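Q: Sharing a structure, written as structure tokens. Questions coming.
The values are calculated or read from the model by the stated rules, or taken from the named source; none is laboratory data. Computed from a prediction, not measured in an experiment: that's the story for all the values here. Ideal geometry is used to build each Cβ from the backbone, glycine not excepted, and the neighbour counts take in all protein chains shown.
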Amino acid sequence: MSGSLRRFAAITRLSQKQPFADLADPINRIHPFLKNGTKTQAREYVRFPNVVRKVREYAISPSLFSSSFSSSSSSSTASFGKLGFVGWYLGMVKSWPVLTKSVTSSAIYVAADLSSQTISKSTSEPYDLVRTSRMAGYGLLILGPSLHLWFNLMSKLFPKRDLISTLKKMAMGQLLYGPTMTAVFFSLNARLQGKEHNLSLHVAR
């Protein structure tokens, strides 16, 4: 009985010397510096969202958007500036549509004829420049202007750009324009070559 009373008295003296809050918090029992450091870190953690908020406000500021937009527009302008030939060609199509399309068609025919001769002829045979001149004249004087007039006519007849109008344009091209220009091409080519007696054979082919 006396031993138990001594232990109870010792526990009472220890509780009076050291509060229960210190016993519940082991950091206070180790060193008060750790307690101060923990509070400082907690304060810094509380301030951290304010910093993030300021960064976000800066990131979505209108001046930043305007600068990024101006930089993107300047980069796109520079990229279009690099395509100087394309811009020049589109300007020529708008200013001189028939002439530009005719010259383009002639250049395509010349390139196609030279490619065909390169593939078919042997290395010792020269190029048939007269034939290449006929192809160039056909593209310049006939095909280029006729394509310009044909597509303008199709745009007036079928101004819409839906599927039905597109199919109608394709059908008109295959039934009317294509056969007509094929007959004109072979007829003119045979006439220029002096082969009028084989004209029907060329047209049939």
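Q: Only helices (runs of 4 or more DSSP H) wholly contained in region 105-179 count here; list those with 1 or more residues that are of a type in the set (S, T, Y) and touching a helix residue (DSSP H, G or I) at 6+ places or on another chain (Cβ under 8 Å). Let's see the steps before the verdict.
A: Details: elements: 129-138, 144-157, 163-172.
Per the criteria, 129-138, 144-157.
Q: Of the residues S133, S68, which single one is at pLDDT 90 or above, over 30 Å from L175 (Cβ atoms) and out of contact with any His (no Cβ under 8 Å at 6 or more places or on another chain)?
A: Just a single option satisfies the conditions, and that option is S133.
Q: For region 116-172, what are the residues that are closer than 27 Å to K94 by Cβ and hydroxyl-bearing (S, T, Y)?
A: Answer for region 116-172, where residues must be closer than 27 Å to K94 by Cβ and hydroxyl-bearing (S, T, Y): Y138, S146, S155, S165, T166.
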